[in-house]
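Student: Before anything else, here's the structure in question.
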Amino acid sequence: MTVPPRRGARTAALLAVLTVAAAGCAKSEDKQPAGAQDTQGQQQVAQTPSGNAPSCTIDKFGGKKFDLKSGVVGFSQSEKEANPFRIAETKSIKDEAKKAGIANLKATNGQSQFNKQISDVQQLIAQGAQALIIAPLNSDGWEPVLQQASAKHIPIITVDRKINATPCKDYVTFIGSDFYQQGKRAADQMVKALGGKGKVAILLGASGNNVTTDRTNGFKDELKQKAPGIQITFQQTGEFAREKGQQVTEQMIQSNPDVNGLYAENDEMALGAVTALKGAGKKAGQIKIVSVDGTRDAVSQIGSGWISAVVESNPRFGPLAFQTLSRFLAGDAIPDKVIIADREYDSSNAQQSVGSAF
């Protein structure tokens with residue numbers, strides 16, 4: 001079940017969200033048409049029927065209430081904003097802060113360097129941040145930040161990627177997609193594209209974060225269950241980057257010329273793969289490509305035949321992040337996970353949906 005895309009309904013949904021497992025997230029058959037989200041493509045919440053999810057309150061966390069509009073909120077972006085996902089993510093945070101009347105939003109960018117991101121967040125704490133929204137580059141290695149934030153009882157919300165820490169002790173909640181389900185849904189699209197038989201290459205995302213691990217495991221588990229006739233014969237990291245995705249695909253074409261399917265764990269690597277395939281003289285559709293993200297550039301390639309399907313990973317976290325923080329500061333119980341519902345794009349809906357991609 002998803003929440004209708006009205007602002008009031010999205011706020012009400014946050015009260016009802018109790019996410020404990022992947023069971024409640026959008027499944028592969030839940031492909032959503034263009035009208036399933038509002039014109040800004042803002043996120044919907046995937047709800048589960050369980051009422052036993054862990055929750056966090058400001059009293060349980062040990063935090064201090066403050067006026068969000070006049071307080072200091074820090075936002076730490078992890079990657080260079082050459083990637084459309086990161087551009088849309090930062091814009092959503094900044095736009096929603098402005099809309100909510102939050103005057104003191106301090107934003108930093110780690111420029112894809114984990115040490116810099118850690119230093120950035122420590123600087124935000126030193127500058128008086130009373131709450132932090134973090135898009136982590138890696139899942140591990142956050143102990144120095146968590147210790148400093150805990151000493152000052154600063155609530156942390158992570159978006160897009162998780163950190164390996166304890167909810168309601170080290171941080172308040174995680175807001176993002178179910179990456180394991182994204183991998184499964186990508187596998188379903190690959191099975192459809194290949195007719196259940198073939199050899200597939202995987203362009204892995206960057207190591208050291210849960211997104212890569214979950215998207216890989218979901219994809220492999222689903223293929224094993226649904227299509228034992230599909231073999232994974234090549235996998236190598238493309239680091240979530242277009243140029244690296246192109247380079248790895250060029251290597252794959254030479255070493256595994258019989259591959260007829262390619263799973264890219266984000267759209268930037270998929271677009272790099274398209275460039276490599278064109279350079280090698282391949283024709284559109286000769287190697288079926290399925291990717292994850294939902295960028296406008298990738299969705300538009302479905303119509304041209306170069307990409308078969310895209311599973312969305314919606315980056316517009318601003319409304320949910322600030323609604324969650326506002327409710328937390330008001331004393332409401334917040335679930336330790338807020339899992340959003342993502343659509344899919346394929347030849348049946350890409351043309352009419354590309355306008356709401358990011």
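Student: Of all residues in segment 317-334, how many are crowded, with 23+ Cβ neighbours inside 10 Å and either within 15 Å of residue 353 (Cα to Cα) or not hydrophobic (A, V, I, L, M, F, W, C) (or both)?
Tutor: 2
Student: For segment 52-147, please list each of the strands (runs of 3 or more DSSP E) lying entirely inside it that holds at least 1 residues being in contact with an Asp or Glu (Cβ under 6 Å, 6 or more places away or on another chain).
Tutor: Output list reads 72-77, 104-109.
Student: OK, next. Got at least one residue in segment 116-127 being among the small types (Gly, Ala, Ser) and touching a residue at least 12 places away in the same chain (Cβ under 8 Å)?
Tutor: Checked segment 116-127: no residue is among the small types (Gly, Ala, Ser) and touching a residue at least 12 places away in the same chain (Cβ under 8 Å).
Student: Also, I was wondering about something else. From the list 217, 210, 164, which residue is outside the structural domain of residue 294 (by TED's automatic domain parsing), surrounded by fewer than 22 Cβ atoms within 10 Å (Cβ to Cβ) and touching a residue at least 12 places away in the same chain (Cβ under 8 Å)?
Tutor: One residue alone meets the criteria, 164.
Student: Residue 239 fails exactly one of the following numbered conditions: (1) farther than 25 Å from residue 195 by Cα; (2) part of a helix (DSSP H, G or I). What is the number of that condition?
Tutor: So residue 239 meets the others, but not (2).
Student: Looking at segment 103-113, is at least one residue in contact (Cβ under 8 Å) with a residue 40 or more places away in the chain and among the hydrophobic types (A, V, I, L, M, F, W, C)?
Tutor: Looking through segment 103-113, none of the residues is in contact (Cβ under 8 Å) with a residue 40 or more places away in the chain and among the hydrophobic types (A, V, I, L, M, F, W, C).
The values are calculated or read from the model by the stated rules, or taken from the named source; none is laboratory data. Everything numeric in this text was worked out from a predicted model, so none of it was measured. Heads up, the Cβs are rebuilt from the backbone with ideal geometry, glycines too, and the neighbour counts pull from every protein chain shown.
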